[in-house]
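This report concerns only the one structure given below.
The values are calculated or read from the model by the stated rules, or taken from the named source; none is laboratory data. As the structure is a prediction and not an experimental result, all values here were calculated from the model. Heads up, the Cβs are rebuilt from the backbone with ideal geometry, glycines too, and the neighbour counts pull from every protein chain shown. To get the accessible areas, we keep the full protein, side chains included, count just its heavy atoms, and leave off ligands, DNA and RNA. Shrake-Rupley method; radii C 1.70, N 1.55, O 1.52, S 1.80 Å.
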Amino acid sequence: MILLNSEVGNYVISNGKKYSYFAGNNYLALASHPEVKAAVIRAVEKYGVNFSASRHTTGTADIHLELESVLASFKGKEDAVVFASGYQGNSILLEILKGSYSTIFIDQSAHASIIAAIPSDVVRVMFYGHCDADHLDYLLEYNRGSSPLVVTDGIFPLTGEIAPLNRIYPVVKKHNGILVVDDAHSTGILGETGKGTPEHFSLPDDDKIFQTETMSKALGGYGGFISAGRELTEMIRERSATYQASTALPPPIAAAGIASIAILKANPQLHVDLVDKAWRLREEIAAMDFQTTHDRTPIIPIILDTPEKARGLSMFLEENGVIAPFMNYPVRKELHQIRIAVSVSHTDNQITRLLELLKKWKEKNESN
Ligand SMILES: Cc1ncc(COP(=O)(O)O)c(C=O)c1O
């Protein structure tokens, strides 16, 4: 376990020692942005830490409504509904959409929160090959007439791959299905204005495409949200047990969300700079003959043949002052990888040092 004794920025303090930090999901460095911190402090003074009640009973504050309005406007949707965590979003959505689908088709490498969201009374669940739109098409054809709902991550959190919605969406549409995209890692990152994977692929504004999103990653705060037409958001408020029976997002955290969106809007170049920076690093890593992936996202895996090697690389980096953890995560256990997460705040020196260390490790451990 990596024990942190500081805020997470491009550097952290762990056990009293300073490390260059290529971990976590603080892609836009908003978790410790001065304006975000100031907004949180103001909200703590006004509201205290927590309302200790669900939104449905006495837990809704004016600041929750303000956040929902800010998120709806950011996403260009009629409304948005916020809840306690991104993890809950898939359960809330799949619960509310019940009746509109009978079979669920899931990318075989989907996030744990998607698997956990499968309602217990859904008759059939099928897994299609990772990012494989042809396989999805085959399964949908084979199960014709099944009222399909297809779920995928937008950016896959371990490998940084982008789900090919340009190929998946036409297949879903052909079979008259519903598409759900878990955009936990894409919000604020993908698409011209940071609206996520559907915007990245210029998908049309189709009321059969849904996104589940979180403020805990690029937005630097916490809490899940779904933006959609008011009919759906009202259904969530009125009918979702998960929404109604869990404690509301703490108001200071709602304040963080509002501040982060304001920063995103005022700095439309932020996510472009991040993705460019990550791309340069990814290209250098690939040029060293490390196995990695090839999409323009801030997550760069280094995949090795054995867990021992991957663990060894992560330990070597840590001994040399860089944190890029070995992934022991409840998704894709078959991949032995470290995960490098790039932040817009990483300096050229930090990136150069990381590359030097990777080169050194490679020469020592993988030269033939
Ligand atoms: C793809 C995906 N979905 C959902 C979540 C859950 O989001 P949160 O941590 O904000 O609850 C995560 C978090 O790691 C994730 O990677």
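At-a-glance table
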{"item": "Selection count, segment 228-249, where residues are touching a helix residue (DSSP H, G or I) at 6+ places or on another chain (Cβ under 8 Å) and not polar (S, T, N, Q)", "result": "10"}
{"item": "Whichever residue in segment 127-157 is touching a residue at least 60 places away in the same chain (Cβ under 8 Å) and in contact with a strand residue (DSSP E or B) (Cβ under 6 Å, 6 or more places away or on another chain) and, among such residues, is nearest to D207 (Cα to Cα)", "result": "V151"}
{"item": "Close pairs from segment 84-100: first outside the structural domain of E231 (by TED's automatic domain parsing), partner within 16 Å of the ligand (Cβ to nearest atom) and basic (K, R), Cβ under 9 Å, at least 6 apart", "result": "none"}
{"item": "Lone unmet requirement of (1) within 16 Å of the ligand (Cβ to nearest atom); (2) more than 18 Å from A262 (Cβ to Cβ); (3) in contact with a strand residue (DSSP E or B) (Cβ under 7 Å, 6 or more places away or on another chain) for S109", "result": "(3)"}
{"item": "Test: residue in segment 184-204 that is within 16 Å of the ligand (Cβ to nearest atom), aliphatic (A, V, I, L, M) and either more than 29 Å from A29 (Cβ to Cβ) or open to solvent by 30 Å² or more (accessible area, probe 1.4 Å) (or both)", "result": "no"}
{"item": "Unmet requirement for L71, which otherwise passes all of (1) hydrophobic (A, V, I, L, M, F, W, C); (2) within 17 Å of I261 (Cα to Cα); (3) open to solvent by 10 Å² or more (accessible area, probe 1.4 Å)", "result": "(3)"}
{"item": "Those residues of segment 172-183 which are within 13 Å of the ligand (Cβ to nearest atom) and open to solvent by 10 Å² or more (accessible area, probe 1.4 Å), in sequence order", "result": "D182"}
{"item": "Cross-chain or 6+ apart pairs with Cβ under 7 Å, segment 108-121 first and over 16 Å from G154 (Cβ atoms) and touching a residue at least 24 places away in the same chain (Cβ under 8 Å), then more than 11 Å from the ligand (Cβ to nearest atom) and in a loop (DSSP other than H, G, I, E, B)", "result": "P119/K98"}
{"item": "Test: residue in segment 205-217 that is of a type outside the set (V, I, T), open to solvent by less than 10 Å² (accessible area, probe 1.4 Å) and either in contact (Cβ under 8 Å) with a residue 12 or more places away in the chain or more than 16 Å from the ligand (Cβ to nearest atom) (or both)", "result": "yes"}
{"item": "Among (1) under 16 Å from T60 (Cα atoms); (2) touching a Gly at 6+ places or on another chain (Cβ under 9 Å); (3) open to solvent by 10 Å² or more (accessible area, probe 1.4 Å); (4) more than 14 Å from the ligand (Cβ to nearest atom), the one test that E238 misses", "result": "(2)"}
{"item": "Scope segment 15-55; condition buried (at least 17 other Cβ atoms within 10 Å of the Cβ), of a type in the set (S, T, Y) and farther than 21 Å from L355 by Cβ; matching residues", "result": "Y47, S54"}
{"item": "Residues satisfying the stated conditions in segment 144-197, i.e. of a type in the set (S, T, Y) and modelled with pLDDT of 95 or more", "result": "T152, T159, Y169, S186, T187, T193, T197"}
{"item": "Selection count where residues are open to solvent by less than 40 Å² (accessible area, probe 1.4 Å), part of a loop (DSSP other than H, G, I, E, B) and within 16 Å of the ligand (Cβ to nearest atom), scope segment 222-235", "result": "1"}
